[in-house]
Amino acid sequence: MRTQVAIIGAGPAGLLLAHLLHRGGVDAVVLETRSQEYVAARIRAGILESSSVELLESAGLGDRLRAEGHEHRGIYLQMPGERHHLDFVDLTGRSVWVHGQTEVQKDLVAAGTAEVHYEVTEVGLHSLESDPYVTFVDSTGARHRLDADVIAGCDGSFGPSRAAATPAETFERVYPYSWLGILADVAPSTDELIYAWHPDGFALHSMRSETVSRLYLQVPNGTDPADWSDDRIWAELATRLGDGENGWKLTPGPITDKSVLPMRSYVQTPMRRGRLFLAGDAAHIVPPTGAKGLNLAIADVALLSSALVALLREGDSRLADRYSDDALRRVWRCTHFSWWMTTMLHASGDPFDAQLQLSQLRWVTTSTAGATGLAENYAGLPLAL
Ligand code: APR
Ligand code: PHB
């Protein structure tokens, strides 16, 4: 087998890259270890910043987003007894859209522009400095060798590309807490997301649709979701989100999914070795507090697709040579923002930290300069920094 770009991983990074390359006249083949059904149903984040929306629209993927997604002007930030609305549109002229990663994934599959081989095994990357190729076993057990001009590692944090892109420098921060996330069949109790600071720990009220809510609680690392009954979860959410305060009510409902997410920041540099380019979670992980993981994956492949089209159609390597440096500017901005949101909102158990957090939250919710900084990072970053 031969293609121009062998893409490892059919998450949003891999599928969107295949789609953008196809539109640029470059062939790609995507290899994915999981089944199509598994990949399509995976529960992930749900917030698209405005530059991601613009990119998806310009790539012909905006119809369902506009019809079924929901535009939010901002978010609520709260401390016990006070809830403040940050209006990103007033502050920066930019909004965010609630359209789940699952939906972006479905739109990409429906576009049908990517040749994807699902349920492959034994994926190996070879000869990365010159004539690269990938070996794999397909779902029928047949062995293949896929030769390519370039390999794109879009296989997330557990795939083989990250280790293949060495020597590399790695940067990591593990946070001393996790999130317990639930999906519930109940209308959201809020029109926009609520990020709540509370002495017992952070809570977030998010949503997927008019009838499905997504909520999170800060929990200790190593928490077993089985220790959290539905009643205990709703009671804790009610406390931390301020049920009953200023006339606001949290409406509980049937919980359809419960899981624990660890919180980690990770960056591997450079995002390239020879003819292997990394994009998305394969190169970097952010904690979910800033809602940046999916948006960073989209920004990476926007840069990478332009670079690869120039390289493979015109023999122009300038953008490819700059790809890692260009992508990392945004990666580090979002790594900082996600770390900042995370450390501002999560209880650490240290009373000094708690006072600093409250002071920072008061500044962000009362000063236009403070609010604009948060809004610009949350909703308003351009694709290329
Ligand atoms: N061979 C082929 N595919 C693999 C392999 C492998 N050896 N190992 C992993 N994969 C696949 C995974 O099954 C997954 O479908 O690579 C894909 C990587 O997709 P994602 O994890 O969704 O990562 P990415 O596309 O970079 O998207 C980043 O995902 O984790 C969220 O919050 C993150 O929203 C962000 C987004
Ligand atoms: C989500 O809806 O899953 C979500 C929203 C905002 C975040 C993190 C997760 O910051």
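A few points about this structure:
- Taken over the stretch 361-385, residues that are aromatic (Phe, Trp, Tyr) and either surrounded by 20 or more Cβ atoms within 10 Å (Cβ to Cβ) or under 23 Å from ALA327 (Cβ atoms) (or both) amount to 1.
- Matching residues in the stretch 13-62 - criterion: being more than 14 Å from GLY293 (Cα to Cα), within 16 Å of ligand 2 (Cβ to nearest atom) and exposed (fewer than 15 other Cβ atoms within 10 Å of the Cβ): ALA41, ARG42
- Of the residues making up the stretch 99-114, at least one is outside any helix (DSSP H, G or I), open to solvent by less than 50 Å² (accessible area, probe 1.4 Å), touching a Leu at 6+ places or on another chain (Cβ under 9 Å) and more than 22 Å from LEU193 (Cβ to Cβ).
- Filter result for ARG34 (within 10 Å of ligand 1 (Cβ to nearest atom), touching an Asp or Glu at 6+ places or on another chain (Cβ under 8 Å) and not in a strand (DSSP E or B)): yes
Residue-wise test of (1) away from ligand 1 (no atom under 16 Å from the Cβ); (2) out of contact with any Gly (no Cβ under 9 Å at 6 or more places or on another chain); (3) closer than 22 Å to THR102 by Cβ.
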position	(1), (2), (3)
TYR177	yes, no, no
LEU180	yes, yes, yes
VAL186	yes, no, yes
THR190	yes, yes, yes
ALA196	yes, no, no
PRO199	yes, yes, no
SER209	yes, no, yes
SER213	yes, no, yes
GLN218	yes, no, no
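- Those residues of the stretch 306-326 which are touching a strand residue (DSSP E or B) at 6+ places or on another chain (Cβ under 9 Å) and either closer than 18 Å to SER161 by Cβ or polar (S, T, N, Q) (or both), in sequence order: ALA307, LEU308, ALA320, TYR323, SER324
- Residue count, the stretch 223-254 (criterion: over 22 Å from TYR177 (Cα atoms) and in contact (Cβ under 8 Å) with a residue 60 or more places away in the chain): 9
- Every residue from the stretch 63-92 that is assigned to a loop (DSSP other than H, G, I, E, B) and open to solvent by 60 Å² or more (accessible area, probe 1.4 Å): ARG73, PRO80
- Taking the criterion of being of a type outside the set (Gly, Ala, Ser) and crowded, with 19+ Cβ neighbours inside 10 Å, the residues of the stretch 147-174 that qualify are VAL150, ILE151, CYS154, ASP155, ARG162.
- Within the stretch 259-294, the set of residues being open to solvent by less than 10 Å² (accessible area, probe 1.4 Å), over 16 Å from ASP155 (Cα atoms) and not hydroxyl-bearing (Ser, Thr, Tyr) comprises MET263, PRO287, GLY290, LYS292.
- Some residue of the stretch 347-357 being modelled with pLDDT of 95 or more, in contact with a Leu (Cβ under 8 Å, 6 or more places away or on another chain) and over 27 Å from ALA163 (Cα atoms): yes
Yes/no per residue for (1) away from ligand 2 (no atom under 16 Å from the Cβ); (2) more than 22 Å from GLY153 (Cβ to Cβ); (3) open to solvent by 60 Å² or more (accessible area, probe 1.4 Å); (4) not basic (Lys, Arg):
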site: ARG322; (1), (2), (3), (4): yes, no, yes, no
site: ASP325; (1), (2), (3), (4): yes, no, yes, yes
site: VAL331; (1), (2), (3), (4): yes, no, no, yes
site: CYS334; (1), (2), (3), (4): no, no, no, yes
site: TRP339; (1), (2), (3), (4): no, yes, yes, yes
site: MET344; (1), (2), (3), (4): no, yes, no, yes
site: SER348; (1), (2), (3), (4): yes, yes, yes, yes
site: PHE352; (1), (2), (3), (4): yes, yes, yes, yes
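The values are calculated or read from the model by the stated rules, or taken from the named source; none is laboratory data. Note that the coordinates shown come from a computational prediction; the quantities given were computed from them, not determined experimentally. Cβ coordinates were reconstructed from backbone atoms using ideal geometry, including for glycine residues, and neighbour counts include every protein chain displayed. Note: areas computed on protein heavy atoms with side chains; ligands, DNA, RNA excluded. Shrake-Rupley method; radii C 1.70, N 1.55, O 1.52, S 1.80 Å.
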